Amino acid sequence: MPKFYVLCQVDAYVKYEAEVEADDPEQAAQLACDNPEEYKWLGGDAQEFDARKYVTLTAEGDEIEETYCGDLI
């Protein structure tokens, strides 16, 4: 299964990244959004915050807009 990097942005200023195995970028963001505790987030523990946005990143580190999910969009 392919691996994708998903960005978790918290309260519009704190950012974390995790590697997520999924069939496609949209599924990667949704899996991270639905089960954030299942992934190792680089930069800290995203679970201690409330408002979050999840988005899958391209190989260049750009956000894939159609993969946005969460409550901070």
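The values are calculated or read from the model by the stated rules, or taken from the named source; none is laboratory data. All values reported here derive from a predicted model rather than from experimental measurement. Counting neighbours? That spans all protein chains shown, and the Cβs are built from the backbone with ideal geometry, glycine included. When the accessible area is computed, the model is the full protein with side chains, heavy atoms only, and any ligands, DNA or RNA have been set aside. Shrake-Rupley method; radii C 1.70, N 1.55, O 1.52, S 1.80 Å.
Take the residues in the stretch 13-25 that are open to solvent by 60 Å² or more (accessible area, probe 1.4 Å) and under 10 Å from the mean Cα position of the chain (by Cα), then tell me which one is farthest from Cys69 (Cα to Cα).
This residue is Glu19.
Mind listing just one residue for me: the one in the stretch 1-12 that is open to solvent by 60 Å² or more (accessible area, probe 1.4 Å) and over 10 Å from Arg52 (Cα atoms) and, of those, modelled with the lowest pLDDT?
For the stretch 1-12, the residue satisfying everything is Met1.
If you scan the stretch 5-24, which residues turn out to be farther than 14 Å from Glu38 by Cβ and aromatic (Phe, Trp, Tyr)? Can you show your working first?
Restricting attention to the stretch 5-24, the residues satisfying the condition of being farther than 14 Å from Glu38 by Cβ are 5, 7, 9-15, 17, 23-24.
Correct list: Tyr5, Tyr13.
Working carefully through the options Glu17, Glu26, Glu60, find the one that is charged (D, E, K, R), assigned to a helix (DSSP H, G or I) and at pLDDT 90 or above. Give the derivation first.
On the way: Glu17 fails: assigned to a helix (DSSP H, G or I); Glu60 fails: assigned to a helix (DSSP H, G or I).
Only one candidate passes the filter, namely Glu26.
Within the stretch 32-43, work out how many residues are assigned to a helix (DSSP H, G or I) and in contact (Cβ under 8 Å) with a residue 12 or more places away in the chain.
Here the count works out to 3.
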